[in-house]
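Please treat every number below as a calculation from the coordinates, not as lab data. On a predicted model such as this, the values are computed, not experimentally measured, just so you know. Neighbour counts run over all protein chains shown; Cβ positions are idealised from the backbone, glycine included.
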Amino acid sequence: MKRTWRIAPIVVGLVLAASTGFVLWEARHAFQQSAAEVAASSGFKFQAISLEPAAPAGVESFAAPAGFTDAVAFAGDLYLPVRLGFLPTGPTAR
């Protein structure tokens, strides 16, 4: 009977130490996981690539204001729609 009373506090101490260690280990793991999630969510994932403009053969590009939304070829001239009508362009445009 005396031996049981001597071992009981040791067993209780070991169980208490193991429980405390497990709780601290879980808390550290949760902290590391939340830190990793915050780091992952705070950055933007993007990819920077260089694009080279490639026009099909026989097509020439030109800079145009945003008002030009379409073009029509008629009688050898190119007509661009503007707010007040059509803007003729080309070698014979008037």
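In the distance distribution for segment 1-43, Cα-Cα pairs more than 13 Å apart total 66 percent. Here the gap between residue 49 and residue 26, fully extended at 0.36 nm per residue and compared with their Cα-Cα distance, gives a gain of 4.0 nm.
Since only 17, 72, 82 are under comparison, the one whose Cα sits farthest along the positive direction of the charge dipole of the chain, derived from C-beta charges on Lys, Arg, Asp and Glu, is 17. Given +1 at the Cβ of Lys and Arg, -1 at the Cβ of Asp and Glu and no other charges, the dipole of the chain around its Cα centre is 1120 debye to the nearest 20.
Percent of Cα pairs in the chain per distance bin of 10 Å, from zero to the largest separation: 11, 17, 12, 9, 9, 9, 8, 7, 7, 6, 4, 1.
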